[in-house]
Number of protein chains: 2
Amino acid sequence: MHTIAIEHEILADNEALANHNRAHFLAHGVYVLNLMSAPGAGKTSLLERTLAELSPRYRIGVIEGDVYGREDADRIEKHGVPVVQINTGGACHLDAHLVHDQLERFDLDQLDVLVIENVGNLVCPAEFDLGETDKVMVLSVAEGDDKPKKYPVMFHVARVLLLNKIDLLPHVSFDVARATRDARALNLDLDVFPVSATTGEGLEPWYRWLEGRIARAKAR
Amino acid sequence: MHTIAIEHEILADNEALANHNRAHFLAHGVYVLNLMSAPGAGKTSLLERTLAELSPRYRIGVIEGDVYGREDADRIEKHGVPVVQINTGGACHLDAHLVHDQLERFDLDQLDVLVIENVGNLVCPAEFDLGETDKVMVLSVAEGDDKPKKYPVMFHVARVLLLNKIDLLPHVSFDVARATRDARALNLDLDVFPVSATTGEGLEPWYRWLEGRIARAKAR
């Protein structure tokens, strides 16, 4: 019972600060994306592609969340966008506090979009609201089509599923129809985009979706 | 400070019960493997191959850890070995309590080996001792060769690294030498076996390693 009480308190505290972050983003008209996946699904590669496409037209900032290291921040920095690395030092997810503590490092009036790349983990990040506008998850086809049944919360809370590494489909056993059906059973409104960050295949609809959302955040 | 105190207490409680589990396994001469990886690295497929190879000569039991569902237990059951499914119901790792609660469901005098397949997660399972003899981790080459630097604790605590899905090496960018070097920088004694659960390539040295460890646990 004690454990449940503590967990409830942690999540309630997090939700309060997430709402504070969200109000802050809204006031500045910044669209915020929380990008989540298992380790190695391709979040950073997809982000690099997306930055190359959208950064000529939008002012984008990035927060990189990792347990340790700044490999991903180094990759993102090469694209000429402001990037802040958060190291959780052991924790398996970002939370609203960790994000809040870094916000002063961005001039939100000079941003259209903030992308927060979460720690690679299919479980806990799904439970911690950061104050983002949208949660987007990435599933690599190399991970297998059984993942919606095994990690349902992530599929339930995501607005978009990027089904990445479709260039590997000839070499792995992955049923796109099955994964899509099982994911939509958890989330009727889930938009699913089969893509490859390696070849660029399928990315156009994702870019257009994102542009629509950014425009909506600006208009509010 | 409060958070750190609670975390310390949780890990100390876990360690005490893990040692209790370990004494229990030792008393029955059971070799226990804690199999860990990110989601979709191929733990269950590797386990299925390993059961097909070793179950004619050893009495093997399996505990399947998942957040939700019993997909993996259903797969393992087809191999005719006793299997127990643990659902963490949200938690991103197994702990010594969850394992302890299931031990009465096995007759340990009738087992040579117990394999515990952990929840797919590269972070937290590394911190929770279950009382196992050895921790073995699986990294799929589809996940990328940067993982030792980003998830160092798992590589540090593992005794063996199974570098899985090497059949995909021609199709992904993965430097086996780099991953091996970075993993061994965290763990000098790490044994690394490049394998494919799909084609069976490279699995013989893994089976022989496992047999050596099972024999040693019996002899104690």
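What follows draws every value from the coordinates through simple rules; no lab data is involved. All values derive from a computational prediction rather than experimental measurement. FYI the Cβ positions are ideal-geometry reconstructions off the backbone, even for glycines, and counts take in every protein chain you see.
Restricting to region A:185-203, name every residue that is in contact with a helix residue (DSSP H, G or I) (Cβ under 9 Å, 6 or more places away or on another chain) and either hydrophobic (A, V, I, L, M, F, W, C) or in a helix (DSSP H, G or I) (or both). Step through it out loud before you land on a result.
Of all residues in region A:185-203, those in contact with a helix residue (DSSP H, G or I) (Cβ under 9 Å, 6 or more places away or on another chain) come to A:185-187, A:190-203.
Scanning region A:185-203 gives A:ALA185, A:LEU186, A:LEU190, A:VAL192, A:PHE193, A:VAL195, A:ALA197, A:LEU203.
Which condition number in (1) facing chain A (nearest Cβ under 10 Å); (2) assigned to a loop (DSSP other than H, G, I, E, B); (3) under 20 Å from B:ASN14 (Cβ atoms); (4) in contact with a helix residue (DSSP H, G or I) (Cβ under 7 Å, 6 or more places away or on another chain) is the one that B:ALA126 fails?
(2)
Just one of the numbered conditions (1) more than 13 Å from the chain's Cα centre (by Cα); (2) at the interface with another protein chain (Cβ under 10 Å from one of its Cβ atoms); (3) not in a helix (DSSP H, G or I) is not true of B:PRO39; which one?
(1)
Out of region B:19-57, which residues are closer than 22 Å to B:LEU103 by Cβ and touching a Pro at 6+ places or on another chain (Cβ under 8 Å)?
B:ASN34, B:MET36
Report every pair of residues separated by at least 6 positions or lying on different chains whose Cβ atoms are under 8 Å apart, first residue within region A:140-162 and within 10 Å of another protein chain (Cβ to nearest Cβ), second among the basic types (Lys, Arg).
Within 8 Å, the pairs are A:SER140/A:LYS165; A:VAL141/A:LYS165; A:ALA142/A:LYS165; A:ALA142/B:LYS165; A:ASP145/A:ARG178.
Among (1) away from every other protein chain (no Cβ under 14 Å); (2) surrounded by fewer than 24 Cβ atoms within 10 Å (Cβ to Cβ); (3) over 18 Å from B:ALA142 (Cβ atoms), where does A:VAL176 come up short?
With respect to (1) away from every other protein chain (no Cβ under 14 Å); (2) surrounded by fewer than 24 Cβ atoms within 10 Å (Cβ to Cβ); (3) over 18 Å from B:ALA142 (Cβ atoms), A:VAL176 is out only on (3).
Just to check your reading of the model, which residue among A:GLY202, A:GLY131, A:GLY144 is closer than 22 Å to A:ARG57 by Cβ and among the small types (Gly, Ala, Ser)?
Result of the check over A:GLY202, A:GLY131, A:GLY144: A:GLY202.
Please tell me if B:HIS100 is closer than 17 Å to B:VAL119 by Cβ, outside any strand (DSSP E or B) and within 14 Å of chain A (Cβ to nearest Cβ). Show your work before the answer.
Details: closer than 17 Å to B:VAL119 by Cβ: yes; outside any strand (DSSP E or B): yes; within 14 Å of chain A (Cβ to nearest Cβ): no.
For B:HIS100, the condition - closer than 17 Å to B:VAL119 by Cβ, outside any strand (DSSP E or B) and within 14 Å of chain A (Cβ to nearest Cβ) - is not met.
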